[in-house]
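To start, the structure itself, in C-alpha cells.
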Amino acid sequence: MKIALASDHRGFRLKAALGKYLSSKGYETVDFGTHSEDACDYPDYIYPASVAVRKGEADRGIFLCYTGIGSTIAANKVRGIRAALAYSLKSAILSRRHNNANVLVLPTNFMKVDYLKKVILAWLKADFEGGRHLKRIGKIAKIEEKENA
C-alpha cells in the first residue's frame, strides 16, 4: 500500500519519523512536504497529496498539522477525498469502517508518538464495512457532483 504523507512545519519532524516507521512496516510512502520547519502554509502540501490519493497515485493519505483542523478542511475540498480528523484510536478506526476515509489527519501536539503509531496502523488495517454506510458515502458523492458541476 502506498501512503501519501503531508504536513505543515509543525508536523515536519513527526512526518519524517512516521514515514520511516511506515516503511519499516512494509508500507511505501511518498512525502509531499513540507521538508523543513520553516513556517509554511499547509494547503500547499495537503492539496497535491490529496490529488495523488484521488488519482490513485497513492492508496491513502496521512496528513499532520498542529490541530489537524485546517488540513482536514483543505483535504476535503478535493473531490473524492474523505479526510477524517482523528483524536483517538476509536475515531480513526470508525472513520475507515463507517466513512471509508481515504485520508487520516492527525494533530501533532495532542498525542504521543507511540500512540500515533498505534492509531495509524489500526487505521491502515481497518476495512470499510459497507452496508448502510455505503448508501451514505454515495450521498456524499452526489453532493460533490452537484457542487463541482
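The values are calculated or read from the model by the stated rules, or taken from the named source; none is laboratory data. Values in this document were obtained by computation on a predicted structure and should not be read as measured data. Note that each Cβ is placed from the backbone with ideal geometry, even for glycine, and that neighbours are counted across all protein chains shown.
Annotations
- Total residues in the stretch 70-86, condition farther than 22 Å from Ala16 by Cβ and out of contact with any helix residue (DSSP H, G or I) (no Cβ under 6 Å at 6 or more places or on another chain): 4
- Checking each residue of the stretch 57-64 against the condition of being at pLDDT 95 or above and either more than 13 Å from the chain's Cα centre (by Cα) or part of a helix (DSSP H, G or I) (or both) gives at least one match.
- One residue stands out among those in the stretch 5-20 that are part of a strand (DSSP E or B) and either in contact (Cβ under 8 Å) with a residue 60 or more places away in the chain or surrounded by fewer than 20 Cβ atoms within 10 Å (Cβ to Cβ) (or both): the one that is farthest from the chain's Cα centre (by Cα), which is Ser7.
- Number of the exception - Thr29 against (1) within 19 Å of Val113 (Cα to Cα); (2) in contact (Cβ under 8 Å) with a residue 40 or more places away in the chain; (3) outside any loop (DSSP other than H, G, I, E, B): (2)
- Within the stretch 2-52, tally of residues that are acidic (Asp, Glu) and touching an Asp or Glu at 6+ places or on another chain (Cβ under 8 Å): 2
- Unique residue being within 14 Å of Leu124 (Cα to Cα) and either of a type in the set (Val, Ile, Thr) or part of a helix (DSSP H, G or I) (or both) when the list is Ser50, Ser71, Ser23: Ser23
- Wholly enclosed helices (runs of 4 or more DSSP H) of the stretch 85-149 bearing at least 3 residues free of Cβ contacts under 8 Å to residues at least 24 places away in the same chain and farther than 23 Å from Cys65 by Cα: 132-147
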